[in-house]
Structure formats: structure tokens, C-alpha cells
Amino acid sequence: MSEHTIELFVLKCAVIETGLRASVAEFDTSSPGALSQADDEQLEPFIKQFDIANRKNAAHMSRYYEIFYLLENDIRRLIVETMEAAHGTTWWDSCVPPGVLEEVRKNREREAQAAVSVRSEDDIDYTTFGQLGDIIRANWSDFAGMLSNQSAVSRVMYALNMLRGTIAHCGVLAEDEVDRLKLAIRDWFRVLEGPKS
């Protein structure tokens, strides 16, 4: 074995090790909310009792849940930052459509009566995905300079909301719907490119 071959092998190992360290750091179970090794081991005997097809579907769908989680919370962040910049920190009471305000109030009340941990201190975290679109449409003048156009936003949000139902309610996306989700995500980022001159 030549010295050059050995050097290449060592370099490849270093690259692989760096990649593995990055992967481990990305899925660090010491982060808040993550299952510890002990918790995971305690749940494993119960998880193994579930139907194998359901376990495979859960693993398959977990990536789409993650994507939608990121997307939906990013849209919430966009709304909050945009509305606070335009109207200050009291924007919620003066700029949100009355129907959304009422539904959020009911959602918070139901949660309080159930005596579960508070999901969030922010009202926007109690909205549905569809209601996020309602907030954007009701305040279009605040979003018009950053999103391409109102009809495109409505179309993309509608398509995403239809796909969200399957993901959020433990369904399995058909391959066609996976393709639709990928296209809708791309469409959303095109909408974020703003108006075309």
C-alpha cells in the first residue's frame, strides 16, 4: 500500500468522522424536550408492541412532519416580526381578524380548563395554519412589499393547508402528495422572493 493511498484513507476517515460528529450534534438528546437515552429505552418495549406497518409509516412521515413544523413556525415568526415592525407590540388586538381572535381565545380557554401545561404565552401559537393565511390577507398592505402577490400567497397557503391535514392527523402521504408538498414548499419560497418588478 502506497503512502499516497494511506493519506487518502486517513483524509476520508477524517471527513467521515466530521460528518458523524455533526450528525450527532444535530440530534443531541441533551437539548430541551428531547428524549434521554433512559427515556427512550423505557419506551422501547411499548413501541415494539405497535404494528410494524404503523412503525414504518411513522418513520416515513416523521420527515414531513419536521418540514411542516419548520415551515409553519417560520410563517408565524414572519407574521410576528412583520406586524410588530408595522404596528408595535400591541398589533395582535388591533390587526387580527375578529374570528381568529375568538378562536384563539376559545383554544386558550379549552387548554386552561384541561389543566395541561401552557403551550405558549404567544396568542399566535394558538392559531391554525389556515388562520395564519387569514392574518396575512387581512393585513396585506404590511406584507405586500415582501411577498410576491396576494393570490399566489392564498393559493400556496391553501395547497399547504390541504397537505397539512394528512401530516398533522397521522395519515400517510401518497407519493403524489409528497411531490405536491415538495412543489408547495418551493412555491412558498418563491412567494418569499417578493414582488417581481
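The values are calculated or read from the model by the stated rules, or taken from the named source; none is laboratory data. As the structure is a computational prediction, the values presented were derived from the model and not from experiment. Glycine gets a Cβ as well: all are built from the backbone with ideal geometry, and neighbour counts include every protein chain shown. To get the accessible areas, we keep the full protein, side chains included, count just its heavy atoms, and leave off ligands, DNA and RNA. Shrake-Rupley method; radii C 1.70, N 1.55, O 1.52, S 1.80 Å.
I'd like the distance between the alpha-carbon centres of the stretch 76-104 and the stretch 149-193, rounded to an integer number of Å. Each part reduced to its Cα centre gives a spacing of 23 Å. When a/c is below 1.5 the answer is rounded, else prolate if a/b is larger than b/c, else oblate, so apply that to the stretch 102-181 with a ≥ b ≥ c taken from the square roots of the Cα gyration tensor eigenvalues. Verdict is oblate for the stretch 102-181. Between 70, 118, 99, whose Cα lies farthest towards the positive end of the dipole of the stretch 45-150 when Lys and Arg beta carbons carry +1 and Asp and Glu beta carbons carry -1, centred on the Cα centre? Farthest towards the positive pole: 70. Residues 148, 62, 141, ordered by accessible area of protein heavy atoms at a 1.4 angstrom probe radius and largest first, appear as 141, 62, 148. Looking at the square roots a ≥ b ≥ c of the eigenvalues of the Cα gyration tensor of the stretch 48-188, which shape do they give, rounded for a/c under 1.5, prolate if a/b is larger than b/c, or oblate? Here the stretch 48-188 falls in the oblate category. Largest accessible area first, the residues 173, 43 order themselves as 43, 173 under a 1.4 Å probe with ligands, DNA and RNA left out. Rounded to the nearest 0.05, the FRET efficiency derived from the C-beta distance between residue 42 and residue 196 at R0 = 41 Å is 0.15.
Which residues does a label at residue 186 reach in the stretch 150-164, if reach means a backbone N under 20 Å from a point 7 Å past the Cα toward the Cβ? Those under the cut-off are 152-164.
Spacing of the modelled spin labels on residue 166 and residue 85, each 7 Å from Cα toward Cβ, amounts to 3.5 nm. Each residue of the stretch 45-55 was assigned a 3J(HN,Hα) from its phi angle through the Karplus expression (A = 6.51, B = -1.76, C = 1.60, θ = phi - 60°), giving x, 6, 4, 5, 7, 6, 3, 4, 5, 5, 5 Hz with x at Gly and Pro.
Using a Förster distance of 35 Å, how high is the FRET efficiency between residue 174 and residue 151, based on the Cβ-Cβ distance and rounded to 0.05? With a Förster radius of 35 Å, E is 0.80.
Within straight-line reach of residue 196, meaning a Cα separation under 15 Å, sit the following aspartates and glutamates at least 8 residues removed in sequence or on another chain: 187.
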